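Coordinate-derived values only; no laboratory data. Because the structure is a prediction, the values reported are computed rather than measured. FYI the Cβ positions are ideal-geometry reconstructions off the backbone, even for glycines, and counts take in every protein chain you see.
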Amino acid sequence: MTLTMGKPLRVAMGEAITEAANHNDRIVVLDGDTGSSTRTDIFEAAHQDRFFQLGIAEMNMFGMAAGMATVEGLIPIVSTFSAFVVSRAHDAIRILIAQPKANVKMMAGYAGLLAGSTGKTHLMFDDVPIMRAMAHMTVIAPGDEIETKAAINASLEYDGPVYFRLTRPNTPILFDEDYKFEIGKTVTVREGSDVTVFSSGPHTARVIEAADLLAGEGIDVHLVHVPTIKPLAEDEVVAAANKTGLVVTTEEGTIVGGLGGAIAEILSQHSPTPVKLHGINDIFGESGPDKALLEKYGLTSHHVATAVREHLAANK
Amino acid sequence: MTQTMTSTAAELAEYARQIRVQILKAVYVARAGHIGGPLSAADMLSVLYFGVMDIDPENPTDPDRDRFVLSKGHSSIALYATLALRGYFPVDELKTFDSVDSRLQGHPDQTVTPGVDMSSGSLGLGFAGALGIALGARAAGKDFTTYVMLGDGECNEGVVWEGAHVAARYGLDNIIALIDHNKLQQFGWTGASLDERISPYLGDQLANRWRAFDWKVIEVDGHDVAAILGAVDEAKTIEGMPVAIVAHTVKGKGVSFMENQPGWHSKVPTDQELADALRELGEPEGGAQ
């Protein structure tokens, strides 16, 4: 299946919150001086009176978001780079946003491997495990522009904290305009019988390519896209795993405690299944062009296909 | 209906005395908690809750109420004693302080305690939350005032100065910070000998920090209720910039043998110490009941 290249998720986010604010006057946006990168500048241009620049001071920004959320039903949408959301503001998010279940939506841009020549300081591989481990937190990693908009709209109907994992590059379109997103639901992208593959975020596009490659070799992949990493529907994960009896998880993030960890936790307790975790192997990153990074860190469609072949071979 | 209580200076001093008595009793019963910081904050809390804030204990979430955030969250028992005496919950409930299933947790929890407007505990964060409440009020067109109390030790935290910058940048004149400048923190700086602990900020350093961040600074004796009331009244007239009331206080204020003693930062009094302390505070019956 050939995918059409679409917008970066950050642009989809900027457009989605701008449109939502047209009919929701409770939305306010807080920016940590990254709006021209993470694209809250789209919102500022349309709703300057509800856009607050809080400068390069992330812990304060997330604390202030929590305070704003206690006033008149305001819905603060906070944006900066993923590394600064998760690492720099962790304390404020944990105590003032997660513990009281503050209605704050966190837009974490530049997550994962492809963050525009920034290097190991900015490449956030462990955001999913860290945010997933936090009680009361919802973690969403949309796969394309359509899903980003749908997920943001769904999150605005949900009263509680949500972490959005957003990425930088242009992203292939996975879904059509009729796509319905529901927090906590998985999406079966492709029915298959040999091996079940779970993926999330824009990485799913590379997994679709891998499934096409494998189909040419007679390997029939059952592909499940997981936009909501927490909460994760146990019954859907178990049912998808039981379709083939063999599971590979693959993600643009660390294999320690991320999507793979979440799937393995469910299956080990409810339906023990051989699981192979594919992703970034407990290391930090470096700067470089996207294509070179995908090659070096083993996240191309060919690498995904290899992981699937190896798992099948090991479990013959 | 929210409303402001009108109290004379003598009445405010009496409420402060009762707050101190309840602090000591509760820490004694809980066998845990802080004493020095709560005692230094008692007079300011009395003035806010019994003479300044437009609030309604019957409706603690009234959207038009004034807000208070105790950013120096480890002084929680001082806030709980104040809220109980103001009628948010029974004074008797203070006996549950710091116990399992209690609404009165070790640090303030906005999800369980009536009257607690913002959780706090990790120092500096309550200040950020309070600034958010103030900015939110502006965004939503509400005209209530947000009060926030910080410790001087708490002002070591970088996030305080992140927020101080942003508040001044936005000219937030609907927030009033009260800085409990009691000159001692938990362990702090060593003085002439290892037994002596000295202020984290020498001379005017702390007040000057806030001035340098373009806050209007009002210095006051933090144990003179009439002066505190005057400072808050003045603060409310300031337009276009946030106000920090730097209150010079004594850690452990009100009990002679606890004053200026770093050891009473968090320590449980013995039976004799409690009796002596309560006698000094004009409660000759003594005892925790």
Completion exercise
Across the alpha-carbon set of segment B:59-154, Rg over Rh with Rh taken as the Kirkwood radius works out to 0.97
Practice task
Would you list the P(r) distribution for segment A:60-202, with all Cα-Cα distances sorted into 10 Å bins from 0 and each bin expressed as a whole %?
Solution key: 11, 40, 34, 13, 2, 0
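Calculate the dipole size of chain A relative to its Cα centre from +1 charges on Lys and Arg beta carbons and -1 charges on Asp and Glu beta carbons; express the result in debye to the nearest 20.
560
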Exercise for the section: List every residue whose amide H lies under 5 Å from the amide H of A:GLY6, counting only residues 5 or more places away in sequence or on a different chain, with H placed 1.01 Å from N in the peptide plane. Expected result: A:THR171, A:ILE173
Handout entry: Residue-wise HN-Hα coupling along segment A:65-73, computed from phi with Karplus coefficients 6.51, -1.76, 1.60 (Hz; x: Gly, Pro)
Key = 4, 4, x, 4, 5, 8, 10, 6, x
Handout entry: Long-range HN-HN contacts of A:LYS230 with modeled amide H, under 5 Å
Key = A:VAL139
Practice task
Please arrange A:VAL11, A:VAL71, B:VAL69 by counting, for each residue, the other beta carbons lying within 10 Å of its beta carbon, fewest first.
Solution key: A:VAL11, A:VAL71, B:VAL69
Problem - By average C-beta atoms within 10 angstrom, highest first, the peptides A:58-70, A:12-24 - result: A:58-70, A:12-24
Practice task
Among DSSP beta bridges lying fully in the protein assembly as shown, give the percent that are antiparallel, nearest 5.
Solution key: 15
Completion exercise
1/(1 + (r/R0)^6) with r = Cβ-Cβ of A:MET1 and A:GLU72, R0 = 41 Å, i.e. FRET efficiency to nearest 0.05, evaluates to 0.30
Exercise for the section: Place a +1 charge on the Cβ of each Lys and Arg in the protein assembly as shown and a -1 charge on the Cβ of each Asp and Glu, then give the dipole magnitude about the Cα centre in debye, rounded to the nearest 20. Expected result: 940
Problem - Contact order normalised by residue count of segment A:5-172, Cα under 8 Å, 6+ apart, percent - result: 29
Handout entry: Radius of gyration and Dmax over the Cα atoms of segment A:199-272, both given in Å
Key = 12.3, 35
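Going by how many other beta carbons lie within 10 Å of each one, how would you line up B:TYR80, B:TYR147, fewest first?
Least to most surrounded, the residues fall as B:TYR147, B:TYR80.
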Fill in the blank from the handout: In nm, the gap between the two label points placed 7 Å beyond Cα toward Cβ at B:THR8 and A:GLU157 is 6.1
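Using 1/(1 + (r/R0)^6) with R0 = 56 angstrom and r between the beta carbons of B:VAL91 and A:ASP49, what's the FRET efficiency to the nearest 0.05?
Working from the Cβ atoms, E equals 0.80.
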Completion exercise
From fewest to most C-beta neighbours within 10 Å, the residues B:ILE35, A:ILE255 line up as A:ILE255, B:ILE35
Problem - P(r) tail fraction, segment A:126-180 - alpha-carbon pairs more than 13 Å apart, % - result: 61
Problem - Principal axis dimensions, largest first and in whole angstrom, of chain B by Cα - result: 52, 50, 36
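Hey, what did chain B get for relative contact order, percent, Cα under 8 Å, at least 6 apart? Walk me through the numbers before you get to the answer.
Details: 612 pairs, mean separation 62.8, N = 289.
That works out to 22 percent.
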Practice task
Mind checking which of A:MET5, A:ALA45, A:ALA241 is farthest towards the positive end of chain A's charge dipole, using Cβ charges of +1 (Lys, Arg) and -1 (Asp, Glu) about the Cα centre?
Solution key: A:ALA241
Completion exercise
Working note, segment A:187-311: Cα radius of gyration (Å, one decimal) and Dmax (Å, whole number) are 13.6, 41
Exercise for the section: May I ask you to derive the FRET efficiency for A:LYS101 and B:VAL100 from their Cβ-Cβ distance with R0 = 30 Å, giving the value to the nearest 0.05? Expected result: 0.90
Fill in the blank from the handout: Neighbours of B:ALA168 by Cβ distance under 13 Å: Lys/Arg at +1, Asp/Glu at -1, summed charge +1
Completion exercise
In debye to the nearest 20, the charge dipole size for segment A:159-316, taken about the Cα centre with +1 at each Lys and Arg Cβ and -1 at each Asp and Glu Cβ, equals 300
Exercise for the section: Return the sequence-ordered ³J(HN,Hα) values of segment A:142-152 in whole Hz as given by the Karplus equation 6.51 cos²θ - 1.76 cosθ + 1.60 applied to θ = phi - 60°, using x for Gly and Pro. Expected result: x, x, 8, 5, 5, 5, 4, 5, 5, 5, 5
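Return the average number of partner chain Cβ atoms within 10 angstrom of each residue Cβ along peptide B:119-128. Numbers along the way, then the final one.
On the way: counts 6, 3, 3, 7, 1, 5, 11, 4, 4, 14.
Other-chain Cβ atoms within 10 Å of each residue's Cβ, averaged: 6.
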Completion exercise
Scoring chain A by relative contact order with C-alpha pairs under 8 Å, at least six apart, yields a percentage of 18
Practice task
Enter the mean projected area of the convex hull around the alpha-carbon atoms of segment B:108-219, in nm², rounded to one decimal.
Solution key: 8.1
Exercise for the section: Give the residue from B:PRO262, B:GLY151, B:ILE175 lying farthest towards the positive end of the charge dipole for segment B:9-280; charges sit on Cβ (+1 for Lys and Arg, -1 for Asp and Glu) and the dipole is referred to the Cα centre. Expected result: B:PRO262
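Tally Lys and Arg at +1 and Asp and Glu at -1 over the other residues with C-beta under 15 Å from the C-beta of A:GLY216: what net charge comes out?
With Lys, Arg at +1 and Asp, Glu at -1, the neighbours total -3.
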Exercise for the section: Work through the residues other than B:ASP204 whose Cβ is under 14 Å from its Cβ and net out their charges, Lys, Arg +1 and Asp, Glu -1. Expected result: +1
Problem - Rg in Å to one decimal, and Dmax rounded to a whole Å, for the protein assembly as shown via C-alpha atoms - result: 27.5, 90
Practice task
Within 10 Å of each Cβ in peptide B:152-164, how many partner chain Cβ atoms are there on average? Round it to a whole number, please.
Solution key: 3
Fill in the blank from the handout: Spelling it out for B:VAL69: with amide H atoms placed in the peptide plane at 1.01 Å from N, the residues 5 or more places away or on another chain with amide H under 5 Å from its amide H are B:TYR147, B:VAL148, B:MET149
Exercise for the section: Give the value in nm², to one decimal: projected area of the alpha carbon convex hull of chain A, averaged over all directions. Expected result: 14.8
Practice task
Of the options B:SER71, A:LEU232, A:LEU123, report the single residue whose Cα projects farthest towards the positive end of the charge dipole of the protein assembly as shown (beta-carbon charges: Lys, Arg +1; Asp, Glu -1).
Solution key: A:LEU123
Completion exercise
In order over segment A:232-249: 3J(HN,Hα) from phi, Karplus 6.51/-1.76/1.60, θ = phi - 60°, whole Hz, x for each Gly or Pro, gives 10, 5, 4, 5, 5, 5, 5, 4, 5, 5, 5, 4, 10, x, 8, 10, 10, 10
